[in-house]
1. Restricting attention to the stretch 186-193, does a residue exist that is touching a helix residue (DSSP H, G or I) at 6+ places or on another chain (Cβ under 6 Å) and within 15 Å of the ligand (Cβ to nearest atom)?
2. Of the conditions (1) away from the ligand (no atom under 16 Å from the Cβ); (2) farther than 18 Å from Glu130 by Cβ; (3) buried (at least 17 other Cβ atoms within 10 Å of the Cβ), Glu210 satisfies every one except a single condition; which number is it?
3. Any idea how many residues of the stretch 154-169 are touching a Leu at 6+ places or on another chain (Cβ under 8 Å) and either more than 16 Å from the ligand (Cβ to nearest atom) or not in a helix (DSSP H, G or I) (or both)?
4. Which members of the stretch 51-73 meet the condition of being crowded, with 16+ Cβ neighbours inside 10 Å and within 16 Å of Cys88 (Cβ to Cβ)?
5. Which of the residues belonging to the stretch 108-148 are within 16 Å of the ligand (Cβ to nearest atom) and among the β-branched types (Val, Ile, Thr)?
6. Only one of these is of a type in the set (Ser, Thr, Tyr), modelled with pLDDT of 95 or more and within 16 Å of the chain's Cα centre (by Cα): Thr110, Thr78. Name it.
7. Identify the residue in the stretch 4-21 that is polar (S, T, N, Q) and under 18 Å from the mean Cα position of the chain (by Cα) and, among all such residues, is surrounded by the fewest Cβ atoms within 10 Å (Cβ to Cβ).
8. Which one of Ser68, Ser46 is farther than 21 Å from Ser231 by Cβ and hydroxyl-bearing (Ser, Thr, Tyr)?
Amino acid sequence: VDPLVVANWKMNGSEQLLQAVVQQVDGLAEATSATVVLALPAAYLSLTKAFDNTQIEWAGQNVHWLTSGAYTGEVSATMLAELGVGWCLVGHSERRQHCAETDDMVLAKTKACLELGIRPIVCVGENLQERQAGKALEVVSRQLLVVLKDIPSALAPLIVVAYEPVWAIGTGEEASPEIAQEVHEALKHAARSEVKALELRVLYGGSVNEDNVKTLMSMPDVDGVLVGGASLEALGFRRICEQVAGSV
Ligand code: PEP
């Protein structure tokens, strides 16, 4: 499968940055096998219509599990689908932490995406305490299985998982390639225990940059990357995409 690069802008960016990033990475996505997805703040997603002629794909950063209603500030999967958004981050650790998103909410959001044909990028990851207690694999497997146990197995191949150790997000301290490999392998194993023969794609996220991406991508079970901070600089992000594309 082609490698995947997902940029997570979080609550950052501008129309100008969108222009610059598209300019840098569009030709690249066309010329290589890598798929480039930009997860933009909801406010910018309607701007992506102007880039329909590019190879770039778009993601929401969050979605509500209901299709409409009295939920001020929320965005539904129906709305994302209407804008032609093909992907959505679900259960990012910042939402689990700051917006009290539970595993059950992550499941409901994943289902809402799948119903509309939006591919969920389900984020899992242990925090530092959990890692130090030797519970990393247990935590990420639980977060993944909550989702896989409750969706139709036929839809499971649409899900992509992002392993994002909380201690590596925005800290400049990426997981070692060995740690990433160990966790990705465990996630794929757990996935197959639930959905037979599932070829789960697992991205690594957490302080990915142009200097460490190549080594991370060299691990057999790292199928792509989710890039936060380093996706906010157009040329640097291009260099990351180039290296991911060159890794296959
Ligand atoms: C993220 O939050 O999805 C992320 C990967 O952030 P960063 O690359 O900045 O660590």
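1. Checking the stretch 186-193: not a single residue is touching a helix residue (DSSP H, G or I) at 6+ places or on another chain (Cβ under 6 Å) and within 15 Å of the ligand (Cβ to nearest atom).
2. Every listed condition holds for Glu210 apart from (1).
3. 10
4. Of everything in the stretch 51-73, those that are crowded, with 16+ Cβ neighbours inside 10 Å and within 16 Å of Cys88 (Cβ to Cβ) turn out to be Ile56, Glu57, Trp58, Ala59, Gly60, Gln61, Asn62, Val63, His64, Trp65.
5. Correct list: Ile121, Val122, Val124, Val140.
6. Only one candidate passes the filter, namely Thr110.
7. In this case the residue turns out to be Asn12.
8. Residue meeting the stated conditions: Ser68.
The values are calculated or read from the model by the stated rules, or taken from the named source; none is laboratory data. The shown structure was predicted, so the numbers you read here are calculated from the model rather than taken from an experiment. So basically every Cβ, Gly included, is an ideal-geometry build from the backbone, and we count neighbours across all protein chains shown. Please note that ligands, DNA and RNA were not included when accessible areas were found on the heavy atoms of the full protein model with its side chains. Shrake-Rupley method; radii C 1.70, N 1.55, O 1.52, S 1.80 Å.
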